[in-house]
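A short write-up of the structure that comes next.
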Amino acid sequence: MKTLLDWFDDRTGIREVMNEALYERIPGGARWRYVWGSTLVFTFFLQVITGIFLWTAYSPSTQTAWESVYHIQYQMTLGWLVRGIHHFAAQAMVVLLAIHLLQVIIDGAYKAPREINFWLGIVLMGIVLGLSLTGYLLPWDQKGYYATKVATNIVGVMPAVGTEVQQVVQGGSDYGHHTLTRFFALHAGILPGLLIAFLAIHIAVFRRHGIHAKDPKHAPESMFWPDQVLKDAVACLAVLAVVMLLSIFKGAELSAPADPSSPYDAARPEWYFLFLFRFLKFEFIDKFGLAFGAIYIPSALMLFLTLMPIIALWRFGHKLNVFVTIILTACIMGLTGLAYYEDWYGDSDASVKFRKDVAAAHHDAERVRELAQAPAGIPPEGAVSLLRNDPLTQGPKIFAKRCASCHRYNGHDGTGELVMVDGEPADPTAADLGNFGSREWVEAILTDYQTVFAPTRNTTKDGTNLGELFLDAEYEMAGWVKENKETLLMPENKEILAGLKEFLVAQSAREEFAPYDEKLVAIGRDAFENGTLNKGEFTTNCVDCHDIKVRGEEEALGFPGSAPVLTGYAGEAWLKSFISNPGAEEHYGYGDKNAMPAFEDSLSDREMNLLVKWMIDDYYQSDESHHGDSTSGEAAADTEEPDTDQEPESESDNE
Amino acid sequence: MNDSTPVDPASNDVSRRNFMTKVWSVIIGGIVTLTPLVAGLAFFLDPILRKKKAAGQSGAAGGPGEGFLNVISESAIPDDGTPVFQQIRKNVVDAWNTYIDQPVGSIYVRKTEDGNIIAFNSECPHLGCTVSYLDGARMFRCPCHDSEFELNGNETNEIPPRPMDELDVEVDESGNVWVKFQSYKIGVAEQIPKS
């Protein structure tokens, strides 16, 4: 064995290299405060290993980036762990970098003859921050996209060359394929290459001068190997443990796919840039323009950092450097804490809104995951289309924008927010549509018409109170209900009422209300057409005013002209027709008491589709999230659950 | 200049502590090095470690079950036993994308003498070309290397390693012919399904 080693050493000179590397003397003994550089090297090693493996599965284009990261995170063997390590080690690197810098400054290891090495270290710091910035964009999710946009906008306000530099960095005048390919080339190729090169030089120059022992009498001199190596290894193990624990119990986040058309109001930079984010929000900084706070001041601080070895030549230079460093560290930590506190515990409108936006973003991320796992999967054009075409996501937004000025949805605007005017909740002026078309809704129309349409009293049409037109007329539905509801509510007619409900709801053929009890439907149809009751009589039969072509039949019952046509009532086609033109003859056109505008020209086909499909629950839901359909045929009790998706977001939702 | 002559650590007092230090350094160093490597390796071996679920492999709706596709109507298959060439389309999963209704292969389907419907994968078991049907000679021949097969799929020369691969067929009451499309490894005598 020894002869083999001798031969190998003769050919390569390996023994001398190993001796040189391992037997570095450490005056004052091996110390914990020296481990930080090694932990940084180790963390870089973690990033290179996990990064290369991630590289075998990541695809940098706007249509495949998020999708490939989703695949890695949720479908590939241990993908979540490899990605988790990569994500949290990146954060750890920033912390370790700061500690290493602080130790070097406080212990005076930046002073002559180690100035150049200090400057090399600053270059390395810049490269690491560049790696963080470029890496953050690569999943192409909402968070990364909008956070990086802020950074490239800051580049854009650089004096003289800002615009051009921004365009080169972005790969164009806006974000797109080339932004990703450029950032990826930087992240996986150029910056790691530069880091390795500068790191090699940094270590070589460090070895030239040896460790700067602040206190050479701290302990007897020892060797790098094995004394310092053991301490380094333990520190690395601690770093790895923290990274693994975070990967397992927290997990790297993946927000919804980047959507340039959907603003991400919860945008924040990664936590280690929060101080700069908060700093820029101070009015006295903001006044001077973005370039001042975002470029000039940070540059000035970097300049100071670079000049520290020179400053240290002066008698009080080192003390000044340490003092400024401590003050800056305190300010940075303070600003970070302030930003975090304001975001998560603040009472201001902006803070409250931020937390709501974060919750909404989480909601979107979960929904897109649900859709991606559906049998239809992710289409070739990418996952961003999944949310854009999802009625559950888009319907409430359309409702809030176009309908909630008059209507409500379970008391709110569809998205969970109250409708406010001048800081006060506004009164609705049209019916609440939260349970529209359900058996509950039909029962309310037939027996409690005044309550359903009570909001119409809050507005006028052509000078007359709309409620008066709607609710006080004698010869209309309001009058019929007043005259007939006692009959309908008689215990003997319980089955008839249930039948009428069943019959009318069955016209919609909505999946969410199925199955429909055929027996009840028949009872209801009989009551509708012939007024068949168990006790009492209708003053007029439904069919005498309402026209209806019953589902499955050829001939229409009744004749049009005096009341809304109930063909397919509350179904998809009916709703689309109604929303397009509520004033049409088959809807509210008769009697001219319609106050609802016609939406056929102002809502595109796409928006109409999304809105209506949301209202009738016609969208994909996985088995776990699907909440119960209302059961059919229960004579008195209505068991339909309220639409739990639209509950107001809880404010305690934390990131 | 740094003095790089090593201090001899061989003095007796410290040698055992020194040894333990070295042992622990190697152990801990080993753990922190191997952990990401092992995780990364498992991740890299995902193609063989993870059992894939094929998209829409539960078969088209209305069919006899897992993997069956509605290929042709019985009435479209000639009674004289002439094979019909049919393209097979399926949903394809490629990593994170699902592609709907993609061409994935083709089959021959024919009626036997006793009226049964049989189907073959048209991929030649020799080296994977698409086998042709020669109407005049009433047999299958592969244009690449001349593998020849009778209409019952059996090979008639030494070139292919096995007969044409027969597929499961079921006919429903409405006369629809359902075939369970499956590909097999080429170039070997045994029939080994490709996932």
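The values are calculated or read from the model by the stated rules, or taken from the named source; none is laboratory data. Since this is a predicted model, take the numbers as computed values, not measurements. Glycine gets a Cβ as well: all are built from the backbone with ideal geometry, and neighbour counts include every protein chain shown. Protein only, heavy atoms only, side chains kept; ligands, DNA and RNA dropped before computing areas. Shrake-Rupley method; radii C 1.70, N 1.55, O 1.52, S 1.80 Å.
The table below gives the values:
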| read-out | value |
| --- | --- |
| Positions within region B:30-55 being modelled with pLDDT under 90 and at the interface with chain A (Cβ under 7 Å from one of its Cβ atoms), in sequence order | B:50, B:55 |
| In region B:170-195, residue surrounded by the most Cβ atoms within 10 Å (Cβ to Cβ) [restricted to those that are of a type in the set (Phe, Trp, Tyr) and in a strand (DSSP E or B)] | B:178 |
| Output for region A:196-247, where each listed residue is in a loop (DSSP other than H, G, I, E, B) and of a type outside the set (Val, Ile, Thr) | A:210, A:212, A:213, A:214, A:215, A:216, A:217, A:218, A:219, A:220, A:221 |
| Failed criterion for residue A:46 (all others in (1) out of contact with any Ser or Thr (no Cβ under 8 Å at 6 or more places or on another chain); (2) more than 7 Å from chain B (Cβ to nearest Cβ); (3) of a type in the set (A, V, I, L, M) hold) | (2) |
| Any hit, region A:43-54, residues being part of a loop (DSSP other than H, G, I, E, B) and over 19 Å from residue A:382 (Cβ atoms) | no |
| Residue that is farthest from the chain's Cα centre (by Cα) [pool: residues in region B:89-110 that are more than 9 Å from every other protein chain (Cβ to nearest Cβ) and crowded, with 19+ Cβ neighbours inside 10 Å] | B:110 |
| Every pair of residues 6+ apart whose Cβ atoms lie under 8 Å, when the first sits in region B:117-129 and is within 17 Å of residue B:79 (Cα to Cα) while the second is open to solvent by 10 Å² or more (accessible area, probe 1.4 Å) and polar (S, T, N, Q) | B:118/B:112; B:118/B:152 |
| Qualifying positions in region A:365-380 - within 11 Å of chain B (Cβ to nearest Cβ) and either of a type in the set (Val, Ile, Thr) or free of Cβ contacts under 8 Å to residues at least 40 places away in the same chain (or both) | A:375, A:377, A:378, A:379 |
| Lone qualifier among A:443, A:468 - being at pLDDT 90 or above and either part of a helix (DSSP H, G or I) or of a type in the set (Phe, Trp, Tyr) (or both) | A:443 |
| Test: residue in region A:238-248 that is closer than 25 Å to residue A:46 by Cβ, loosely packed, with under 13 Cβ neighbours inside 10 Å and in contact (Cβ under 8 Å) with a residue 12 or more places away in the chain | yes |
| Filter result (in a helix (DSSP H, G or I) and open to solvent by 20 Å² or more (accessible area, probe 1.4 Å)) within region A:488-503 | A:489, A:491, A:492, A:494, A:495 |
| Options A:92, A:65: the member that is closer than 22 Å to residue A:383 by Cα, more than 9 Å from chain B (Cβ to nearest Cβ) and of a type outside the set (S, T, N, Q) | A:65 |
| Filter pass, residue A:133 being farther than 20 Å from residue A:57 by Cα and crowded, with 18+ Cβ neighbours inside 10 Å | yes |
| Residue identified as outside any helix (DSSP H, G or I), among the acidic types (Asp, Glu), surrounded by fewer than 18 Cβ atoms within 10 Å (Cβ to Cβ) and within 20 Å of the chain's Cα centre (by Cα) among A:357, A:265 | A:265 |
| Filter result for residue A:163 (open to solvent by 50 Å² or more (accessible area, probe 1.4 Å) and either under 22 Å from residue A:192 (Cα atoms) or assigned to a helix (DSSP H, G or I) (or both)) | yes |
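Every residue, every condition in (1) among the aromatic types (Phe, Trp, Tyr); (2) within 8 Å of chain B (Cβ to nearest Cβ), yes or no:
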| residue | (1), (2) |
| --- | --- |
| A:34 | yes, no |
| A:53 | yes, yes |
| A:56 | no, yes |
| A:60 | no, no |
| A:79 | no, yes |
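Conditions tested, residue by residue: (1) more than 37 Å from the chain's Cα centre (by Cα); (2) polar (S, T, N, Q).
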| residue | (1), (2) |
| --- | --- |
| A:175 | no, no |
| A:181 | no, yes |
| A:200 | yes, no |
| A:209 | yes, no |
